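Note sheet for the following structure.
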Amino acid sequence: MRLQPFEVGQERYQLEEGNIHAQDPGKRNGQKRLAAIIGYFALGMPIVLALGGLILSLFDLGEFTESLSAFYYQEFLLGDIFVGCLIFLGTAMFAYQGWHSKIATLASFCGVCMFLVALFPADGWIMLDEVQDDVFAGQVIFELVSDQVHLWASVIVFLILAWFCFFVFTRVTPDQIGPDGELIPTKRSRNRLYRVSGTIILLSLGATGLAFLLDETVVRQYRLIYVGETICLLTYGVSWMVQGRVFTPLSDPRDINDAKSQTPARK
């Protein structure tokens, strides 16, 4: 059932009968391309924000914040980039169907949580009141509620992404088993990368959680929250790029045939 999306057995998430994204070569390739796009955005988001933060701080137009979530409050462009990237990623996760309805359910739930992260800022919403001399003063509202929604939605997002790495992307189909009964080299290499990615996400998530127990001055000085969030996002991006077969040497024979099915024949 779609509402029971978690499978851990050896036969987990096999190609679903009647699922067009599982049966049609063109659709399968389309899903890989979507996974690659998701990976590019997830990888690019922290890089763009970091570069933007450095540039804005250099020209006194903003600051390099202590966390990725704090970029929400940057008035000059970066707040829009932060929210826009999360909304795009959430929408793309909704569009991702994989090859099984349970995978679509997982991805959609992850997308909902990404929307919550984008729409509920970490330190509440700021209501701006205009005062004299074009100077604005702000009042924070719903700080605690917004913070809790943002925090737990972020945790759920990364837990689901780790699940994809450990259990969804590592599933094995008959065509990925060689004549000797072992996994073909490309699938074996991808599975290693997925498991390493899942491990990094969980370790980074755990380390970020532990950072909240440290002295706030230390956390701010070394930007520990920022580092943890960035590592999680970069790893998310790499794992989905691998799933999207961005790196051709990691493609299976069927992946190559699926890609050819969408390549127009030359006259």
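Which residues, counting only those in the stretch 95-107, are open to solvent by 10 Å² or more (accessible area, probe 1.4 Å) and either modelled with pLDDT of 95 or more or of a type outside the set (Phe, Trp, Tyr) (or both)?
Narrowing the stretch 95-107 to residues open to solvent by 10 Å² or more (accessible area, probe 1.4 Å): 95, 97, 99-102, 105.
Residues satisfying the conditions are Ala95, Gln97, His100, Ser101, Lys102, Thr105.
Restricting attention to the stretch 7-14, does a residue exist that is β-branched (Val, Ile, Thr) and open to solvent by less than 40 Å² (accessible area, probe 1.4 Å)? So that I can check it myself, show each step before the final result.
Going residue by residue through the stretch 7-14, those that are β-branched (Val, Ile, Thr) are 8.
Those left that are additionally open to solvent by less than 40 Å² (accessible area, probe 1.4 Å): none.
Taking every residue of the stretch 7-14 in turn, none turns out to be β-branched (Val, Ile, Thr) and open to solvent by less than 40 Å² (accessible area, probe 1.4 Å).
If a residue has to be under 18 Å from Trp152 (Cβ atoms), outside any loop (DSSP other than H, G, I, E, B) and among the aliphatic types (A, V, I, L, M) to count, how many in the stretch 209-239 make the cut?
4
Looking at this structure, is Ala42 of a type in the set (Gly, Ala, Ser) and either open to solvent by 10 Å² or more (accessible area, probe 1.4 Å) or without any contact (Cβ under 8 Å) to a residue 12 or more places away in the chain (or both)?
No: the conditions fail for Ala42.
Taking Thr65 as meeting all but one of (1) surrounded by fewer than 19 Cβ atoms within 10 Å (Cβ to Cβ); (2) outside any helix (DSSP H, G or I), write down the number of the exception.
(1)
State which residue pairs qualify: first residue without any contact (Cβ under 8 Å) to a residue 40 or more places away in the chain and more than 17 Å from Pro249 (Cβ to Cβ) and inside the stretch 171-195, second residue surrounded by fewer than 12 Cβ atoms within 10 Å (Cβ to Cβ) and of a type outside the set (Ser, Thr, Tyr) in any location, beta carbons under 6 Å apart, and separation of 6 or more residues or different chains.
none
So which residues in the stretch 152-185 are loosely packed, with under 14 Cβ neighbours inside 10 Å, at negative phi and either assigned to a loop (DSSP other than H, G, I, E, B) or touching a Gly at 6+ places or on another chain (Cβ under 6 Å) (or both), if there are any at all?
Listed by number, the residues that qualify are Gly178, Pro179, Asp180, Glu182.
The values are calculated or read from the model by the stated rules, or taken from the named source; none is laboratory data. Since we're looking at a predicted model, the values are computed, not measured. A quick note on method: Cβ atoms are made from the backbone with ideal geometry, for glycine too, and the neighbour counts reach across all protein chains shown. Heads up: the accessible areas ignore ligands, DNA and RNA and are worked out on the full protein's heavy atoms, side chains in. Shrake-Rupley method; radii C 1.70, N 1.55, O 1.52, S 1.80 Å.
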